[in-house]
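Contents: one structure, followed by commentary.
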Amino acid sequence: MVAIVFILMITSVCIKSSYKKSESGGTLISRETTTALKGVAILYVFVHHYWQLTSDVYNSHTVIGYIGVTIFLLIAGYVSQIQLKKKGIISMSYNFFIKKFVRLYIPYICVKAILSLWQQKSLHDFIASVIHIEDDWFLCTITILYCLFFLTSRISRGKQNYVMLVGIILYVIVCMTVGLPFVWYNTSFSFYIGMFVANYEGIEMQKLNVPLVGVGACALVFGIITFARCFIPEMTSTLFSVLLAFWIAGCLYKFRVYNKIFQCIGSISWEFYLFQSTVLVIMGEIIPNNYIAYFAGSLIISMAMGYIIKKLLTLIINATAISKL
């Protein structure tokens, strides 16, 4: 009940803060909007993991997690393609990998170190937790998608969209062949949709005249089917993510999300993400019978620790040569 109320609050605040129309003719999703959306996404993911630990019917709530991940990957694809359009293919050098490594893996290692100290793990266990990145499927997925983006931008002059789509399809096939859980790939097409939106925004996108109500209704139907798990969840969850990504992108051509709270949370979304799962497990052991205190305490601690790590790493990076890349 606590999580349901929280989800409704997030959604209502998001709708309320999205009233402002685009002043640029709907040709660009602003940085403020993408940051705010990341804040919304990580809160959905947090609620998903909370439900995962407290609900007796775990699978009935996975759709909340898909919403959060879809938003994250949509933004990642959009921002990557916008940067490529602005800076050109020449910018896709190995500095791209260094920047992504610093952004993804330095916080990952730091968070693992802090959590290992908190849980009093040995040095061996800490090193093992860092090496086994396959334990974090989202980190693996986003890393693979960034690698595909880099490769396609370098080798497919003028046809990156098609080659990237083929690359993602091959990634999905490989995941299915080796028997990985479908969460590894069912939201990956939203990264491509983000790229598509960046490439064809403005007049070109407006010519598509996609009926947002219809797309939203179809996404809702597949979301309900996925929620009920009554028909091939691998397929329905993928279709849900694709339709949801198109619906969100379409909405963002007409409206912007301006909310300082979501923007603040979005600015630490990655660090927040890295902490929240383990914090939820630890807090569940400390406060097992008070769901309100458990939920609120885990949320506050995850955000506070994420904020501290982000600030410390920003200071360190700004004081080194990495910031000049």
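A Cβ distance below 7 Å, combined with a sequence gap of six or more or placement on separate chains, defines the contacts here; from region 260-282, residues that are touching a residue at least 24 places away in the same chain (Cβ under 8 Å) reach residues that are assigned to a helix (DSSP H, G or I) and among the charged types (D, E, K, R) in the pairs Gln263/Glu32; Gly266/Lys38; Ile268/Lys310; Ser269/Lys38; Glu271/Lys310.
Count, please, the residues in region 130-157 that happen to be surrounded by fewer than 13 Cβ atoms within 10 Å (Cβ to Cβ) and either over 21 Å from the mean Cα position of the chain (by Cα) or at positive phi (or both). Walk me through it before giving the result.
Within region 130-157, the first condition is being surrounded by fewer than 13 Cβ atoms within 10 Å (Cβ to Cβ), and the residues that meet it are 131-132, 134-135, 155, 157.
Add one more test, that the residue is either over 21 Å from the mean Cα position of the chain (by Cα) or at positive phi (or both), and what stays is 131, 155, 157.
Of the residues in region 130-157, 3 are surrounded by fewer than 13 Cβ atoms within 10 Å (Cβ to Cβ) and either over 21 Å from the mean Cα position of the chain (by Cα) or at positive phi (or both).
If I ask for residues that are at pLDDT below 90 and either part of a helix (DSSP H, G or I) or of a type in the set (Asp, Glu) (or both), which ones from region 148-164 would you list? Hits for region 148-164 are Phe150, Leu151, Thr152, Ser153, Arg154, Ile155, Gln160, Asn161, Tyr162, Val163.
All but one of (1) under 30 Å from Ala304 (Cβ atoms); (2) in contact (Cβ under 8 Å) with a residue 24 or more places away in the chain hold for Phe126, so report the exception by its number. It fails just one condition, (2). Scoring Glu271 on the criteria (1) at pLDDT 90 or above; (2) touching a helix residue (DSSP H, G or I) at 6+ places or on another chain (Cβ under 8 Å); (3) surrounded by fewer than 21 Cβ atoms within 10 Å (Cβ to Cβ) leaves a single failure, condition (3). When region 178-204 is filtered for residues that are more than 20 Å from Tyr66 (Cα to Cα), at pLDDT below 90 and surrounded by fewer than 16 Cβ atoms within 10 Å (Cβ to Cβ), the ones remaining, listed by number, are Tyr200, Gly202, Ile203, Glu204. Considering only residues in region 117-129 that are hydrophobic (A, V, I, L, M, F, W, C) and either surrounded by fewer than 15 Cβ atoms within 10 Å (Cβ to Cβ) or touching a Phe, Trp or Tyr at 6+ places or on another chain (Cβ under 7 Å) (or both), the one that is modelled with the lowest pLDDT turns out to be Trp118.
The values are calculated or read from the model by the stated rules, or taken from the named source; none is laboratory data. Keep in mind that this is a model prediction, so the values were computed, not measured. A quick note on method: Cβ atoms are made from the backbone with ideal geometry, for glycine too, and the neighbour counts reach across all protein chains shown.
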